[in-house]
1. What figure, in Å² to the nearest 10, do you get for the accessible area of A:Leu482 with a 1.4 Å probe and non-protein molecules left out?
2. Pull up all non-local amide H partners of A:Gly257: gap of 5 or more, or a different chain, and H-to-H distance under 5 Å with H placed in the peptide plane.
3. Classify the stretch A:226-364 from the C-alpha gyration tensor, please: rounded if a/c falls under 1.5, else prolate or oblate depending on whether a/b exceeds b/c.
4. Peptide A:529-537: average number of partner chain Cβ atoms within 10 Å per residue?
5. Checking the a/c ratio against 1.5 first, then a/b against b/c, what shape does the Cα gyration tensor give for the stretch A:171-225?
6. Counting only other chains, what is the mean number of Cβ atoms within 10 angstrom of the Cβ of each residue in peptide A:441-449?
7. Given a Förster distance of 25 Å, report the FRET efficiency between A:Asp227 and A:Ala330 from their Cβ-Cβ distance, rounded to the nearest 0.05.
8. Sort A:92-99, A:117-124, A:145-152 for me by packing, meaning the mean count of neighbouring Cβ atoms within 10 Å per residue, highest on top.
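The values are calculated or read from the model by the stated rules, or taken from the named source; none is laboratory data. Bear in mind the structure is a predicted one, so any value in this text is a computation, not a measurement. Cβ placement follows ideal geometry from the backbone for every residue including glycine, while neighbour counts extend to all protein chains displayed. Remember, those area values only see protein heavy atoms, side chains included, never the ligands or the DNA or RNA. Shrake-Rupley method; radii C 1.70, N 1.55, O 1.52, S 1.80 Å.
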Amino acid sequence: MDQKRLLAAIALSIGILLIFDLWNRPAREAQLAQQRQAAEVQQPAPTPGPVGPLRAPTDAAPAAGTPATPAARLPIEGPRVKGTLNLRGARLDDLVLKDYRETVDRNSALVRLLAPREGSAPYYAQWGWTAVDGRTRVPGNDTDWAAEGNALAPGQPVTLRWDNGQGQVFEIALALDENYMLTAEQRVRNAAAEPVQVLPWSRVRRENTPPTQGFFILHEGFVGVLDGRLREVTYSDAKSEGQKRSGVALEQETGAGWAGFTDKYWLTAITATDPAIRTRASFRHVPEGGQDRWQVDFAPTAAQSVASGAAASLATRLFAGAKEVHLLDAYADRLNIPDFDKAIDFGWFYFLTKPFFYALDFLFKLFGNFGVAILVFTVFLKAAFFPLANKAYKSMGRMKVLGPKMQEIRERYKDDPAKAQTEMMALYRTEKINPASGCLPILIQIPVFFALYKVLFVTIEMRHAPFFGWIQDLSAPDPTNLFNLFGLLPFDPTQLSSFLHMPVWALLMGATMWAQQKLNPQPPDPIQAKIFQWMPIIFTFMLASFPAGLVIYWTWNNLLSIAQQWYIMRLEKQRNAKGGGAVAIPAAVPAAAKPKKG
Amino acid sequence: MSAQRIGPGAQALRGAVIAYQWTLRPFIGAHCRFHPSCSHYALEALGTHGALRGAWLSGRRILRCNPWHPGGYDPVPPASDEPGRTAAPSADAQSFQPVPKG
């Protein structure tokens, strides 16, 4: 119709595409950086890497830049984690997850969660004390601790000990469970004549800014539940907040609570175990030599006063591992960690996303393929909304009979679409038919389908989960590409532009979306109708770089919508054929429409 | 009294509705059973009745917009300074309810 409007619509569509590309680019680059980084981190690992054999702590290779004597290390050997404890400074700075690999390749490196300061992505947990009285000698970053025990494993706790030579002995008793939880008890025994005042603290520190996915529906960064309230702070927010308040992005007192850093799939968090002890938790940003450092620390609000001959202790827990929903649930129950499952970004629709996860997980265990679980679950959701859709199409048969009348109205008000719309509505009302299902059913469905989308986005179950054919990882983009004829041409078009990626599943999604739109009523506004027509193309490009699992879900959802519409129409036809639905058009129709004319 | 000026609240809500019309609506398709459609109704209601009453009217309209309601022509009631008085239907609306049901 109107050339200008068409041009405007096209310009707008291209604008949306460009914005999306810009918005998505950091994520793409981050992904590359992450892969590079993963490759780097493997090398400078202080003890023989994650998959290397267990060694005595003394024969760790000296890393460049460290003091003359190499730091002693104590092996950590859990069923699901592997690493070493740095006895210099009492740091847990070397931990890999035995059940997760960097890539789909079964021989790829294990996922490294914690890494030492000497590497390129330092990330560690540490326990220590602050001398509140200003004179007690407390252990520091260079303190070499003596370890009691050969290795840290479940049922095999280890105690670190350090005597400050002034009558105080500091101890850190560490215990590891079968999964990802470490208990740390910090003890001070005072044998001196004077009382001492110390503040035991624990911290998780990250000395680089990790690559983030950059999607606004996924939180990565500082996370915690403090005094019953979920706190999520991104790295950039922490930086700007920290600059206002000398590095403190957030400070809050809490009873039982937890806080740490979350990645899309991993979490390192400290837990305050005793609800009776008030603890101060802080999120910090500290620039150090031009580098951003991030820290979460926990310390009691009141210092421990240790009289002569007495001892004081404080227990905390450290979670370092994968955010598996059932595991976090179990910890929340067993260890009384409030809302520990909120470490997974279930979002505003928690009341929907969490049950959806359980349902998906159940189907996953039933069918053994997460992709199939998604398909089956979507069928159930669609079935739940079927009555709404069915009701809307009950009047379909009558619509057919009214066809000529509608055509007449359309032609009469060719130059005035709004008027034609009004007349049409009047016709529907008098005939008690209406082709549209209404806004309410749609509005109800939006959060439901968004919740499913969100679950698929955040859940670790989709990571490295294969579907059929060429989809080896539902959480990664479909690797096929139209622009090199699906691999026939030996080059990678995405090197030229991220636009040049058009996988098979995205094309299928676009085709099904287009077909489904053909069955939907068009928006009354002509410009919007034009955008409406462009939508399948825009979405095909937008979803091209999305996780394959989501694109498959969209495609399947479109197919089901088409099938549903087809089925309802057939049902209606049969009903009419039986005679029940055949209606004589009342003579009132023309009368209803005519007075308006002229 | 709020009939003439559009307050910041109503303005923000109108912005949200317009954003919906240009982003979500083309995607999910227009399914409204009324004229004007729910989103246009909301824009008009927020403009003439302000944020509070406009949102209330729009919310009620959306609740009506379901398969069990016949739909049809349903304009925003005109602004009235007397809250007790029911707004008279417009001339248009009257001419569209000509036939008794049956």
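1. Taking all protein chains as shown, A:Leu482 has close to 60 Å².
2. Long-range HN contacts for A:Gly257: A:Ala272.
3. Oblate, since a/c reaches 1.5 and b/c is not below a/b.
4. 2
5. Prolate, since a/c reaches 1.5 and a/b exceeds b/c.
6. Per-residue shielding by partner chains comes out at 3.
7. After rounding, the FRET efficiency stands at 0.65.
8. Going from most to least packed, we get A:92-99, A:117-124, A:145-152.
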